[in-house]
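None of the figures in this text is laboratory data; all of them are computed from the coordinates on show. Nothing here was measured: the structure is a model prediction, and the numbers come from that model. Counting neighbours? That spans all protein chains shown, and the Cβs are built from the backbone with ideal geometry, glycine included.
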Amino acid sequence: MNGTSLLAAVVPAHSSPTPDLESVDLVLRLIELLADAREPRGVTQIARALSISKPRAHRHLRALVQRGYAHQDPRTEGYEIGVRVLALGEAVRDRFDVARAIRPVMGPLRDATGMAVTASALIEGAVTVVDLLQGRTLVDFGVRPGSRLDFHASAHGLVALAFGPPRLLEQVLAGPLRAWTERTMTDPAAIRAEVARVRRQGWASAPDAVLIGVNALAAPVFDHRGEWRGAVAVVGATQFIPEPPTAEQIAQVTEAAAEASRKLGWEHA
């Protein structure tokens, strides 16, 4: 799971966990482990990954199964994440009205472009993926809802810097700027120039910024006050989303963003 673990959100880093908190920590790590797994995992694998005994792992797994947070495959006896977690994720996602506004435009945008479509919003100071619809290509991109993206190294992040809170750009430039690839922008002056360009043109792309051969094209979503609330983007291989993107791709993404904005009451001047 990308970003801060669930436990870090509820337990300060300097605190000494009590037995109760250690149990909470274990349950959260167990859920994260199952959520990240692509296939059911056996008790032995899980116990080894969490550095606990098999009986302890089995006891917690049974409790999760009973509550619907885990599921045991009757054929392999392996454990995987349960539908209850999916339901919780949907409930949390529905708290963000920008996600509800963007979701209806994601399917048509995916169908028109064939690309994976992502939606983002600023959550707890980080540009965060709030929804994902995989594309019709064979490539399965690893970004998932809840993933946090670097502002300077993602199309979603550049849109946030261009249209989000004015203080955001200075805060980002004052912190570390990770070079994911040789194409990642890490020079503050270059980032400022790119953000200004994004603001002028109304969209952002980030070819090879995090992964060589991958690009994204994002456009901002505004609310009824004309304030930026998030972004919608298509993600794909650079052979399908070139730099610069085609005029057709730009029109498809910006119109999808405008449609999502209208659902939030935005009216273009």
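Some notes on this structure:
- Cα-based helix-to-principal-axis angle, 83-93 vs the chain, degrees rounded to 10: 30
- For the chain, the fraction of alpha-carbon pairs in successive 5 Å shells from zero, as %: 1, 6, 11, 15, 16, 14, 12, 10, 8, 5, 2, 0, 0
- Whole-number percent relative contact order across segment 118-168, with pairs defined as alpha carbons under 8 Å at least 6 apart: 29
- Peptides 201-207, 172-178, 104-110, 157-163, ordered by how many other C-beta atoms sit within 10 Å of their residues on average, highest first, read 157-163, 201-207, 104-110, 172-178.
- Amide H to amide H, with H built 1.01 Å from N, Phe222 comes under 5 Å of Arg229, Ser261, counting only residues 5 or more places away or on other chains.
- Extension gain from Arg56 to Arg136, taking 0.36 nm per residue of separation minus the Cα-Cα distance: 24.6 nm
- Per-residue [θ]222 nm for the chain (sum of -39500 (n - 2.57) over DSSP H runs n ≥ 4, rounded to 500): -13500 deg cm²/dmol
- Gain upon complete extension [Leu26, Ile123; 0.36 nm per residue less C-alpha separation]: 32.4 nm
- Using a Gaussian network model of the chain in which every pair of alpha carbons under 10 angstrom is joined by a spring, one finds that among Arg167, Arg148, Arg29 the greatest mean-square fluctuation is at Arg167.
- Amide H contacts for Val214 (H built 1.01 Å from N in the peptide plane; partners 5 or more residues away or on another chain; cut-off under 5 Å): Asp208, Thr238.
- Degrees, to the nearest 10: 188-201 long Cα axis against longest axis of the chain: 70
- Between Thr44 and Gln66, the simple spin-label model (points 7 angstrom out along Cα→Cβ) gives 2.7 nm.
- Subtracting the Cα-Cα distance of Leu88 and Arg75 from 0.36 nm times their residue separation leaves 2.0 nm of extension gain.
- Take every Cα pair under 8 Å whose residues are at least 6 apart in sequence, average their separation, divide by the length of the chain, and the relative contact order is 14 percent.
- Karplus 3J(HN,Hα) series, Hz, for segment 28-45 with 6.51 cos²θ - 1.76 cosθ + 1.60 (x for Gly, Pro): 5, 5, 5, 5, 4, 4, 5, 5, 7, 6, 8, 8, x, 10, x, 4, 4, 4
- Distance from segment 147-167 to segment 188-204 (C-alpha centre basis), Å: 11
- Which of Leu64, Phe151, Gln252, positive extreme of dipole for the chain (C-beta unit charges): Leu64
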